[in-house]
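As structure tokens, the structure follows; a few thoughts come after it.
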Amino acid sequence: MTTRSDVLVWAQGVVKRKAAPAHQLLEIAADASLDDAQEAFHKIARVAHPDLHRATLAADELELVTTAYARAAAAYQELRNQRSPSRVRTARESDPGPRVLPPTVQVPYSAAPNKAVTVPDAAPSNSAQAMNSKALVYYRKAELCLRRGELTGAVLQLKLAIASDPRSTLLRSALAEVEAEILKLR
């Protein structure tokens, strides 16, 4: 078997096991340690990361591998959150995320009473709060892909973002928009 066919067989297996527990997706024992989970995920990443197969897989095959890899990444993240007591706090709780600056507020400058200085009133963005920091990195990469016109790259980055933060409705709607745009171009 070639690497290409190995990856496709692995991806099909992961996609078929939709409701499988995280340890089964990583192919480790239920009571495996966090180090075992990390080692299993890194092994998957070395062989099955979608970026490694961009040139060798057809679009539908790359989509399959991307979906499977995103599920494996989510499974690893789930195990990390379950098994690492010091990491119980999510990035969402410890990092307020990026801030969107609203219209500025005029504040008098104390040294010169006749002058005013604009000072932004920092209020958190609802959409940015709905995304953890790792997902935000992938989201920004997707934005860069879109600026370059690389729609399939944007889809990959959005899927990785969703794997990092599966509850984000912003990410899911962004993915749906990009996929709809790809369908229009076909």
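From D60, D6, which residue is under 16 Å from V155 (Cβ atoms), without any contact (Cβ under 8 Å) to a residue 60 or more places away in the chain and either buried (at least 20 other Cβ atoms within 10 Å of the Cβ) or out of contact with any His (no Cβ under 9 Å at 6 or more places or on another chain) (or both)?
D60
Can you tell me which residue in the stretch 1-33 is nearest to T66 (Cα to Cα), limited to those that are acidic (D, E) and in a loop (DSSP other than H, G, I, E, B)?
Let us first name the residues in the stretch 1-33 that are acidic (D, E), namely 6, 27, 31.
Still in the list and also in a loop (DSSP other than H, G, I, E, B): 27, 31.
Working: E27: 18, D31: 27 Å.
If we take residues in the stretch 1-33 being acidic (D, E) and in a loop (DSSP other than H, G, I, E, B), then E27 is nearest to T66 (Cα to Cα).
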For the stretch 133-147, indicate whether the set of residues that are within 21 Å of A22 (Cβ to Cβ), part of a loop (DSSP other than H, G, I, E, B) and at pLDDT 75 or above is non-empty. no
Go through the stretch 166-186 and give me each residue that's part of a loop (DSSP other than H, G, I, E, B), free of Cβ contacts under 8 Å to residues at least 60 places away in the same chain and within 12 Å of the chain's Cα centre (by Cα). R167, S168
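Select from the stretch 151-169 the residues that are surrounded by fewer than 18 Cβ atoms within 10 Å (Cβ to Cβ) and farther than 19 Å from D51 by Cβ and list them in ascending order.
Filtering the stretch 151-169 for residues surrounded by fewer than 18 Cβ atoms within 10 Å (Cβ to Cβ) gives 151-152, 166-167, 169.
Passing the criteria: P166, R167, T169.
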Which count do you get for residues in the stretch 128-165 that are within 11 Å of the chain's Cα centre (by Cα) and not aliphatic (A, V, I, L, M)? 11
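The values are calculated or read from the model by the stated rules, or taken from the named source; none is laboratory data. Just so we're clear, the structure is a prediction, and the values are computed from it rather than from any experiment. Here the Cβ is made from the backbone with ideal geometry for all residues, glycine too, and neighbour counts use every protein chain on show.
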